[in-house]
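One structure below.
The values are calculated or read from the model by the stated rules, or taken from the named source; none is laboratory data. Predicted, not measured: the structure shown is a model, and the values here were computed from it. Counting neighbours? That spans all protein chains shown, and the Cβs are built from the backbone with ideal geometry, glycine included.
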Amino acid sequence: MTLKEKIASRKFVVLGEFEPPKGADFSRLTKSANQVKGRLDALVVPEMANAVMKAGSLGGCAFLNAQGFETILQVCCRDRNRLALQADILSASALGISNLMAVSGEDIRFGDHPQAREVYDLDLMQLLEILSNFQGGRDMAGIELTGAPAFCIGSTVNAGAIGGALDIEIENLERMVEGGVQFAITTPVFDLHRFQQFMKRIDIEKVAIIPTVLLLKSAGMARYIDRNIKSVSIPSEMIREIQKAPDKLKQCIKTAAELITHLKEMGMAGVLISTVGWEDKLPQLLDAAKL
Amino acid sequence: MIVADKKPIEEIIDMVKGYHKILIVGCNECVTVCEAGGKKEVGVLASALRMYFMNEGEKIEVDEITLERQCDHEYLEEIRNSIDQYDAVVSLACGVGVQFMAEKYFGTPVYPGVNTCFMGVTEERGVWSERCQGCGQCILDKTAGICPISRCAKRLLNGPCGGSTQGKCEISKDLDCAWQLIIDRLKELDRLDEYEEIAPIKDWSTERAGGPRKVVREDVRQ
């Protein structure tokens, strides 16, 4: 069963995030992916997350696809104009990549090349329009393609938005769904009560919501995220438990595993596990979450 | 100066359709010089709108005013006492003036009456061309006073490219190759050896790519 079929039938999917390296040596990517072979439904390969230059999503997906992994390509508006985006999407299809996530991309100033010129020739909604045209066999200029690509299309949604920002987020999600988005991956979820409030606003028949479960590395990291990332809140009890635990790593894994279990019980369409460089801890986490 | 071009009248008609009383506001600065939004153009647009709506059998009152500038508080304040009489404003200033007007008169719809194009010069009456993109880090000292960012089609800092033929750019036989101009002027100034220096990779963070910009001068701030 492909990811597309699983998402369509709302079977609980388990996704893992695998960052390509900053360098030409992809061996660590292979090693960490092989450690969980057969246990994940697909591997999400970020496109220069946080605007930090590294090997791209297309390269990472093609590399992992060739080794038998199903992947999700990230297509990002920040660094490519309409020609490059269309070219990459066609290349991805030819390379056997069948899932993609359209994303805006973090601002270049947050990354390690703040002097670069960002592109944003197209915004997210316009990128989805291209994808829709593509599936109809035409490019953005209306010219017929030799072979139309077919993708399972996803995007992202900020589950931490509140008040007026949440209204806008929901409206944008609805527009994205009309634009062909089948699944939406959320910002990291820690506070299940807050997440439930968000989910009350979503029509899960129309779009599969896949929350991100971020594997914390320490109480310090949790505090930093809670204080500095507006869209994410971490319950203080959760932070305290990590802080007082004799084995901090074990507690971080336990926390993430419990979140996955709860989200599964809530009837979510799946989870994306993000380890931020700790891909080698994924087997332990999957064990703990009984996946 | 900021160069603007007239918007097609059909676009402006669509914007103001349904309003009963509108004010057309010109600007006495750049858009007057490039003949897109000064007192004369305000009068022409107002007449055209009156005529159009009269032919359509619709009643619309169109008033006219031209301010000294629309990018400064003091001049925009001149319409404060009369703004509430109008259902909408069409500003013939550049995009800067339109926005400043909209910021100041938050409850009044403000529509753009021109298309703002670039920072440029009057080559001759009726011909304006671009000279500056406001990249925030001027390199004209290195390029003989000719800007490759605004005048080279590819914005090359180390040109020319292979598309330069007999001094013209590949995108149009009417467009001078900026790098040919740079080389010619360096020769004239006996500074051609400077052409051998490779321009470093540009820091675009001072350009619009670095986000909306602001200049704060504490020495002149009140």
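How many residues, within region A:245-285, are touching a Ser or Thr at 6+ places or on another chain (Cβ under 7 Å) and assigned to a helix (DSSP H, G or I)?
From region A:245-285, those touching a Ser or Thr at 6+ places or on another chain (Cβ under 7 Å) are A:248, A:272, A:274, A:279-282; that's our starting set.
Next cut, assigned to a helix (DSSP H, G or I) only: A:248, A:279-282.
Residues in region A:245-285 being touching a Ser or Thr at 6+ places or on another chain (Cβ under 7 Å) and assigned to a helix (DSSP H, G or I): 5 in total.
So if I check each of B:D190, B:D174, B:D184, which one is outside any strand (DSSP E or B) and either aliphatic (A, V, I, L, M) or surrounded by fewer than 10 Cβ atoms within 10 Å (Cβ to Cβ) (or both)?
Values: B:D174 fails: outside any strand (DSSP E or B); B:D184 fails: either aliphatic (A, V, I, L, M) or surrounded by fewer than 10 Cβ atoms within 10 Å (Cβ to Cβ) (or both).
Answer to the check: B:D190.
Does B:E124 qualify as being free of Cβ contacts under 8 Å to residues at least 24 places away in the same chain, more than 20 Å from B:V96 (Cα to Cα) and not hydroxyl-bearing (S, T, Y)?
Yes.
Residue-by-condition table, conditions (1) of a type outside the set (A, V, I, L, M, F, W, C); (2) loosely packed, with under 15 Cβ neighbours inside 10 Å:
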{"position": "B:D87", "(1), (2)": "yes, no"}
{"position": "B:S91", "(1), (2)": "yes, no"}
{"position": "B:V98", "(1), (2)": "no, no"}
{"position": "B:A102", "(1), (2)": "no, no"}
{"position": "B:T108", "(1), (2)": "yes, no"}
{"position": "B:T116", "(1), (2)": "yes, no"}
{"position": "B:G120", "(1), (2)": "yes, no"}
{"position": "B:R125", "(1), (2)": "yes, yes"}
{"position": "B:C138", "(1), (2)": "no, yes"}
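Cβ-Cβ under 7 Å, sequence separation 6+ or interchain: first residue in region B:190-204 and within 14 Å of chain A (Cβ to nearest Cβ), partner part of a helix (DSSP H, G or I) and not charged (D, E, K, R). Which pairs?
Going by the 7 Å Cβ cut-off, the qualifying pairs are B:W204/B:G210.
So how many residues does region B:66-100 have that are under 19 Å from B:D5 (Cα atoms) and aliphatic (A, V, I, L, M)?
7
Has region A:89-101 got any residue that is part of a loop (DSSP other than H, G, I, E, B), touching a Pro at 6+ places or on another chain (Cβ under 8 Å) and more than 14 Å from chain B (Cβ to nearest Cβ)?
Applying the first criterion (part of a loop (DSSP other than H, G, I, E, B)) to region A:89-101 yields A:95-98.
Filter once more, keeping what is touching a Pro at 6+ places or on another chain (Cβ under 8 Å): none.
There is no residue in region A:89-101 that is part of a loop (DSSP other than H, G, I, E, B), touching a Pro at 6+ places or on another chain (Cβ under 8 Å) and more than 14 Å from chain B (Cβ to nearest Cβ).
How about region B:45-69: which of its residues are part of a helix (DSSP H, G or I) and exposed (fewer than 14 other Cβ atoms within 10 Å of the Cβ)?
Of all residues in region B:45-69, those part of a helix (DSSP H, G or I) come to B:45-55.
Result: B:S47, B:R50, B:M51, B:M54, B:N55.
Checking the conditions here, which among A:V36, A:V14, A:V75 is among the β-branched types (V, I, T), assigned to a loop (DSSP other than H, G, I, E, B) and at pLDDT 95 or above?
Values: A:V14 fails: assigned to a loop (DSSP other than H, G, I, E, B); A:V75 fails: assigned to a loop (DSSP other than H, G, I, E, B).
Going through A:V36, A:V14, A:V75 in turn, the sole match is A:V36.
Yes or no: B:K214 within 14 Å of chain A (Cβ to nearest Cβ) and in a loop (DSSP other than H, G, I, E, B)? Quick ask: steps written out before the conclusion?
On the way: within 14 Å of chain A (Cβ to nearest Cβ): no; in a loop (DSSP other than H, G, I, E, B): yes.
No: the conditions fail for B:K214.
Checking the structure you have, find out if any residue of region A:64-72 is assigned to a helix (DSSP H, G or I), modelled with pLDDT of 95 or more and not polar (S, T, N, Q).
yes
Starting from residues that are surrounded by fewer than 18 Cβ atoms within 10 Å (Cβ to Cβ) and in contact with a Cys (Cβ under 9 Å, 6 or more places away or on another chain), keep the ones in region A:121-141 and report whichever is farthest from the other protein chains (Cβ to nearest Cβ).
My answer is A:Q126.
I'd like to verify a number: residues in region A:178-214 that are out of contact with any strand residue (DSSP E or B) (no Cβ under 8 Å at 6 or more places or on another chain) and closer than 29 Å to A:G136 by Cβ, how many?
6
So which residues in region A:196-217 are surrounded by 22 or more Cβ atoms within 10 Å (Cβ to Cβ) and part of a helix (DSSP H, G or I), if there are any at all?
Scanning region A:196-217 gives a single hit, A:F198.
One line per residue, one yes/no per condition, for (1) modelled with pLDDT of 95 or more; (2) not small (G, A, S):
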site: A:Q86; (1), (2): yes, yes
site: A:L90; (1), (2): yes, yes
site: A:A94; (1), (2): yes, no
site: A:A102; (1), (2): yes, no
site: A:E118; (1), (2): no, yes
site: A:N133; (1), (2): no, yes
site: A:F151; (1), (2): yes, yes
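Suppose we filter region B:104-130 for residues that are of a type in the set (K, R) and assigned by TED's automatic domain parsing to the domain that holds B:V25; how many remain?
The qualifying residues number 1.
For the list (1) within 27 Å of the chain's Cα centre (by Cα); (2) surrounded by fewer than 17 Cβ atoms within 10 Å (Cβ to Cβ), I need the number of the one condition that B:A199 fails.
(1)
Output the number of the condition that B:L156 fails; it satisfies all remaining conditions of (1) within 14 Å of chain A (Cβ to nearest Cβ); (2) over 20 Å from B:K142 (Cβ atoms); (3) not in a helix (DSSP H, G or I).
Failing condition for B:L156: (2).
Only one of these is in contact with a strand residue (DSSP E or B) (Cβ under 8 Å, 6 or more places away or on another chain), more than 30 Å from B:K17 (Cβ to Cβ) and among the acidic types (D, E): B:E123, B:E170, B:E197. Name it. If you could, list the steps in order and put the result at the bottom.
Numbers: B:E170 fails: in contact with a strand residue (DSSP E or B) (Cβ under 8 Å, 6 or more places away or on another chain); B:E197 fails: in contact with a strand residue (DSSP E or B) (Cβ under 8 Å, 6 or more places away or on another chain).
Sole residue among the options that is in contact with a strand residue (DSSP E or B) (Cβ under 8 Å, 6 or more places away or on another chain), more than 30 Å from B:K17 (Cβ to Cβ) and among the acidic types (D, E): B:E123.
Condition check ((1) aromatic (F, W, Y); (2) farther than 30 Å from A:Y120 by Cα) across all residues:
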| position | (1), (2) |
| --- | --- |
| B:P160 | no, no |
| B:I183 | no, yes |
| B:P200 | no, no |
| B:W204 | yes, no |
| B:A209 | no, no |
| B:K214 | no, no |
| B:E218 | no, yes |
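State yes or no: is A:R109 of a type in the set (D, E, K, R), in a loop (DSSP other than H, G, I, E, B) and either within 28 Å of B:W204 (Cα to Cα) or over 16 Å from the mean Cα position of the chain (by Cα) (or both)?
So A:R109 fails the test.
Given (1) on the phi < 0 side of the Ramachandran plot; (2) modelled with pLDDT of 95 or more, where does B:G162 come up short, assuming only one miss?
Among (1) on the phi < 0 side of the Ramachandran plot; (2) modelled with pLDDT of 95 or more, the lone unmet condition for B:G162 is (2).
Looking only at residues in region A:102-119 that are under 19 Å from A:M176 (Cα atoms) and surrounded by fewer than 20 Cβ atoms within 10 Å (Cβ to Cβ), which one is farthest from the other protein chains (Cβ to nearest Cβ)?
Applying the filter and picking the extreme gives A:S104.
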